[in-house]
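Asker: Before I ask anything, here is the structure I am working with.
The values are calculated or read from the model by the stated rules, or taken from the named source; none is laboratory data. Quantities reported herein were computed from a predicted structural model and do not represent experimental measurements. Note: ideal-geometry Cβ built from the backbone for every residue, glycine included; neighbour counts use all protein chains shown. For the accessible areas, the whole protein counts, side chains as well, though only heavy atoms, and no ligand, DNA or RNA atoms are used. Shrake-Rupley method; radii C 1.70, N 1.55, O 1.52, S 1.80 Å.
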Amino acid sequence: MPRPDRVFAVLDALRSGATPESISETTGIDRWFLDRFVEVVALEREIASHAGAEPDAALLREAKKHGFSDEDLGRLLGRSAS
């Protein structure tokens, strides 16, 4: 059943290892959209892999292009957003 928080549930499922195929079968969400969610989760993981180090400018530009806020980046990098 579609609900406003469904996108967050889908992202959580992908972060936990669910496949786009299984999510599509369960929810009826088109694979094209799920593949975009997979890209976001992969980018989150890439950013988080730089926690404690200085991420390069290209990665930060890519994150901002995908809609990551300063607060998102701070959380993923283990820093404050300011």
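Asker: Report the net charge of residues surrounding R6, where surrounding means a beta-carbon distance below 14 angstrom and charges are Lys +1, Arg +1, Asp -1, Glu -1.
Answerer: On the way: positive: R3; negative: D5, D12, D30.
Residues near R6 contribute -2 overall.
Asker: Can you tell me the relative contact order of the chain? Whole percent, Cα pairs under 8 Å, sequence separation 6 or more. Don't skip to the end; give the middle numbers.
Answerer: Details: 44 pairs, mean separation 18.2, N = 82.
So the answer I get is 22 percent.
Asker: Would you mind working out the magnitude of the charge dipole of the chain relative to its Cα centre, with +1 at each Lys and Arg C-beta and -1 at each Asp and Glu C-beta, to the nearest 20 Debye? Provide the component values of the computation, followed by the final result.
Answerer: Working: 11 positive and 15 negative charges, 28 e Å.
Result for the chain is approximately 140 debye, rounded to the nearest 20.
Asker: OK, next. Using the membrane-span-like helix rule (whole DSSP H runs, Cα extent along the own axis of at least 15 Å, mean Kyte-Doolittle hydropathy at least -1.0), which helices of the chain qualify? Write down the numbers at each step before the final one.
Answerer: Values: long enough: 31-48 (25 Å, 0.31).
Span-like helices, by this rule, are 31-48.
Asker: Considering all projection directions equally, how large on average is the shadow of the alpha-carbon convex hull of the chain, in square nanometres? Show your work: numbers first, answer last.
Answerer: On the way: hull surface 23.7 nm².
Averaging across all directions leaves 5.9 nm² for the Cα convex hull.
Asker: For the chain, report the accessible area per residue in Å² (1.4 Å probe, heavy atoms, rounded to an integer). Display every interim value, and only then the final one.
Answerer: On the way: 5500 Å² over 82 residues.
Spelled out: the 1.4 Å probe surface of the chain, per residue, equals 67 Å².
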